[in-house]
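First comes the structure, then the notes that go with it.
Throughout, read-outs are computed from the coordinates displayed, never taken from laboratory work. Bear in mind the structure is a predicted one, so any value in this text is a computation, not a measurement. No Cβ is skipped: glycine too gets one built from the backbone with ideal geometry, and neighbour counts run over all protein chains shown.
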Amino acid sequence: MYIANSAVKKELLACLPESVGTALLRRENAALVSKASELRLRKDRYQSLTVGQTNYVLSADGTFCENVYAPLRLTEEELRECVFRLCDGSIYAHEENLKKGFLVKNGIRVGIGGKCILKNGQPFGFCEYDSLNFRFPHHIPNAAAPILAHIAKNGLPDVGGILIFSPPNIGKTTFLRALCSALSRSFEDGGHRRSVRVCVLDEREEIYLPEAFPDGFSDFLFSCPKSYGIELATRVLSPDILACDEIGNGDEANAICRAASGGILFIATCHAASFEELYRKCETAQLLKSGVFRTLCRLYIENGRHDCEIRRAEEPICCERSAFC
Amino acid sequence: MRNSTSGGTDMLRKIGVLLIAAAVFFAGRSYVQKQTDRLAQEDGFLFLLTFLRVRLADRVPLRRLYRDFSHKALDACGFTDLLRSQVSCDALASALKNGRERLAIDDTFCACLLEFSDEIGQVSSAEDGQNCCEKYSRLLEQQIELTRAGAKSRIDVSRKMGVFAALFCIVLFL
């Protein structure tokens, strides 16, 4: 669990069920815990820690193992209490995030599984909690080194908008955070060092980490829907670069197209496993066709090592939903 | 010799009666003060619920709202400071439990506030939170009405007892 700020760590541990919190603090688990990217709590099933691509199960005696005979089991009441503490005793204050199925506590996103409450056919919150997924943010300052080297060589105007993509859990947000941090502080742009005004649309409050943005020319819009945030940021924050995580619907794509026509460069991430899939997806195909993103960056893991492949965007061949395009 | 002994006994008796009368007077006064405090504090809690109902719309967490809250009667007894200093998620319940002796409210009123504290933290929307505040405001208002009706007669009796004690002393000395 990479959390630089010990006060944040302490606050998070205070929210977890006691048995889990105690296990995370045990000395023999320290090595695993320090590298974990996710902690998953489930009702009556396995509690697990994800390190790389491996899931370690928490046993009743408080140790994490790959194969376990006596796993620690949690009750719904313990998960409910955990959510209550994560919300600082005010669940209604997280109403908007709960509608989307997650909570944010000090930059840590907690995905929620369970029984949804529906109001007028729309998800409204949860009446039963079944699982909680804590995703621990990582700041790896040199995570975006390949794309920064590309910018240093070709210059930012030539590189243009950058679309970062990968399947889930490969490190898109970490990559985006490191890139935004570098661009807003100091980077090599075709032969000379400079910095630019970067506005980050942090809809789920998981991009910003104090240690990643200690200074520099970065502005943040938190908890704001991307399609609205793009227009807002363009009008009032006048950024050189607008960055957002996980673009995925037509409204967002339209807002990006409108803002890009005003001369703003975009850096965004989205889900796609390959270049072909990216061109097939309607929203991204539209953006590539309009020329908003001229550089594509595919993240992948090979032999346990994170890497990225950079390509110039081409004209998309086809599109799944022609209605949008 | 006999006269001086009977004069001394008379004096002791008068002092005794005077002490009893003074005790009755001050007990009556203290009771009146407690009833006045109780009503003021109950009004303070009703104001707290109104304050929360208005501010919940902004989806501000309860502990931050408690930091902004102030009411003369609850400030005077130190309850608001206690409420602001709570670190647990159920701050209102903790403050009520830890500061029970500072408050003049009765157990039924306190139980109603504890129930409110349990419920308000669990509501999943600001709208439900506002409804919860309204529901408990109505319950508290009913209790305040009862307190007010009972307190009026009790305060009258206590005041009269004080006056009677004073009159009794005057008669005794005349």
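Neighbour counts of C-beta atoms inside 10 Å place A:LEU74, B:LEU83 in the sequence B:LEU83, A:LEU74, starting with the fewest. Three semi-axes describe the equivalent ellipsoid of chain B; taken as square roots of 5 times the Cα gyration tensor eigenvalues and ordered largest first, they are 48, 16, 11 Å. Here is what passes the span test in chain B: the DSSP H helices with alpha carbon length of 24 Å or more along the helix axis and a Kyte-Doolittle mean of -0.5 or above are B:2-55, B:126-173.
Who wins for biggest fluctuation among A:LYS105, A:LYS119, A:LYS43 in a Gaussian network model of chain A, springs between alpha carbons below 10 Å? Highest fluctuation of the listed residues: A:LYS119.
Its residue count N fixes a reference of 2.2 N^0.38 Å for the range A:138-212, and the Cα radius of gyration divided by that reference is 1.08. Applying the Karplus relation 6.51 cos²θ - 1.76 cosθ + 1.60 with θ = phi - 60° to the range A:87-92 yields 3J(HN,Hα) values of 8, 6, x, 9, 4, 4 Hz, where x marks Gly and Pro. Here A:VAL104, B:VAL54, A:VAL198 are placed in order of increasing Cβ neighbour count within 10 Å, fewest first, which gives B:VAL54, A:VAL104, A:VAL198.
Projecting the Cα atoms of B:LEU18, A:VAL33, A:SER59 onto the charge dipole of the protein assembly as shown, computed from C-beta unit charges around the Cα centre, puts B:LEU18 farthest toward the positive end.
Normalising by residue count, the range A:11-148 has a Cα convex hull of 140 Å³ per residue. Evaluated over chain A, the count of Lys pairs having alpha-carbon atoms less than 21 Å apart is 24 (only pairs 8 or more residues apart or interchain). Rounded to 0.05, the FRET efficiency of the A:GLU276 and B:ASP37 pair, given R0 = 60 Å and the Cβ-Cβ distance, is 0.20.
Fewest-first ordering of A:SER274, A:SER218 by other beta carbons within 10 Å of each residue's beta carbon gives A:SER274, A:SER218. Based on the Stokes-Einstein relation at 4 °C and a viscosity of 1.567 mPa s, and on the Kirkwood radius from alpha carbon pairs, chain A is assigned a translational diffusion coefficient of 62 µm²/s. Potential lengthening of the chain between A:GLU188 and A:SER223 amounts to 9.5 nm, from the contour at 0.36 nm per residue minus the alpha-carbon distance. For the range A:14-72 and the range B:31-49, what is the separation of their Cα centres, given in Å? When both Cα centres are located, 50 Å separates them.
Between A:GLU66 and B:LEU146, the FRET efficiency from the beta-carbon distance, with R0 = 51 Å, is close to 0.20.
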